[in-house]
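The values are calculated or read from the model by the stated rules, or taken from the named source; none is laboratory data. Here the structure is a predicted model, which means the values were calculated and not measured. Quick reminder, even Gly has a Cβ in these numbers, built from the backbone with ideal geometry, and neighbours come from all protein chains shown. Ligands, DNA and RNA are excluded from the accessible area calculation, which covers all protein heavy atoms including side chains. Shrake-Rupley method; radii C 1.70, N 1.55, O 1.52, S 1.80 Å.
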Amino acid sequence: MSQTPNFNRTGALVLGMHDAIVSLTGLIIGLAFTSVSRIEIVLTCIIASVTASLSMGASNYLAHRAERNPNALRTAIYTGAAYFTTCLLLILPFIFIYNRLFATLSTFIMAVLIITFFNIWASKLNHTKFLPRFIEMLFVCVGISIIAFFIGQFAQYFLGVHI
């Protein structure tokens, strides 16, 4: 199957996948260290994942339509599907692991594995170096997760919620 010049599969996938990793791991970290239960984390993340994947796909569609890209719909589907699939993988530990700390650690490990495998694939496809892309994505993910942790701690303190 040949690609037309206006369709960048890798770009559409990285947009959905990386945004899902950053936003959902941030949400999970923020929730996991408050008094929210594991089930509340799963439900919140499922709702956020569905709405955000639809939003990402729709936004990408509209952005590409504004540029008159004939592949706007295909790009949007790739982005939304990458977002949703990534979210499902990140939520899985909270479904199967009852301890929130271990589930959170497992989610972070899952995020690192997703980043690793995606960058191996993308570096081979685009003939680019693996390590710089991997490190960049990993640092963005970790940085946002740390910020989300502190937001959860501040919210917990200012709302008077104590574990």
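One table, with the values for the structure above:
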item	result
Filtered residue count, the range 9-44, keeping only those that are closer than 19 Å to LEU101 by Cα, within 11 Å of the chain's Cα centre (by Cα) and not aliphatic (A, V, I, L, M)	3
In the range 89-112, the residues that are open to solvent by less than 80 Å² (accessible area, probe 1.4 Å) and out of contact with any Cys (no Cβ under 9 Å at 6 or more places or on another chain)	LEU89, LEU92, PRO93, ILE95, ILE97, ASN99, ARG100, ALA103, THR104, SER106, THR107, MET110
Any pair with Cβ under 6 angstrom, 6 or more apart, that starts in the range 60-79 at a residue that is more than 13 Å from MET17 (Cα to Cα) and open to solvent by 60 Å² or more (accessible area, probe 1.4 Å) and ends at one that is hydrophobic (A, V, I, L, M, F, W, C) and assigned to a helix (DSSP H, G or I)	TYR61/ALA72; TYR61/ALA76; ARG65/ALA72
Selection within the range 113-129 - in a helix (DSSP H, G or I) and at pLDDT below 90	PHE118, ASN119, TRP121, ALA122, SER123, LYS124, LEU125, ASN126
Filtered residues of the range 133-163 (kept if of a type in the set (S, T, N, Q) and open to solvent by less than 60 Å² (accessible area, probe 1.4 Å))	SER145, GLN156
Evaluation of PHE134 against (1) without any contact (Cβ under 8 Å) to a residue 24 or more places away in the chain; (2) over 12 Å from ILE21 (Cα atoms); (3) within 14 Å of the chain's Cα centre (by Cα) (one fails), failing number	(3)
PHE84 vs. criteria part of a helix (DSSP H, G or I), open to solvent by 40 Å² or more (accessible area, probe 1.4 Å) and within 26 Å of ASN60 (Cβ to Cβ)	yes
Single condition ASN126 does not satisfy, out of (1) surrounded by fewer than 13 Cβ atoms within 10 Å (Cβ to Cβ); (2) of a type in the set (S, T, N, Q); (3) out of contact with any Ser or Thr (no Cβ under 7 Å at 6 or more places or on another chain)	(3)
Top-ranked residue in the range 19-38 [being over 21 Å from LEU159 (Cα atoms) and aliphatic (A, V, I, L, M); ranked as most open to solvent (accessible area, probe 1.4 Å)]	VAL22
Qualifying positions in the range 98-114 - free of Cβ contacts under 8 Å to residues at least 40 places away in the same chain and out of contact with any Leu (no Cβ under 7 Å at 6 or more places or on another chain)	ASN99, PHE102, LEU105, SER106, ILE109, LEU113
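Residues are listed down the side, and each one gets a yes or a no for (1) in contact with a helix residue (DSSP H, G or I) (Cβ under 6 Å, 6 or more places away or on another chain); (2) more than 16 Å from PHE149 (Cβ to Cβ):
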| site | (1), (2) |
| --- | --- |
| ALA32 | yes, no |
| ALA52 | no, yes |
| ALA66 | no, yes |
| ALA81 | no, yes |
| LEU92 | no, yes |
| PHE108 | no, no |
| THR116 | no, yes |
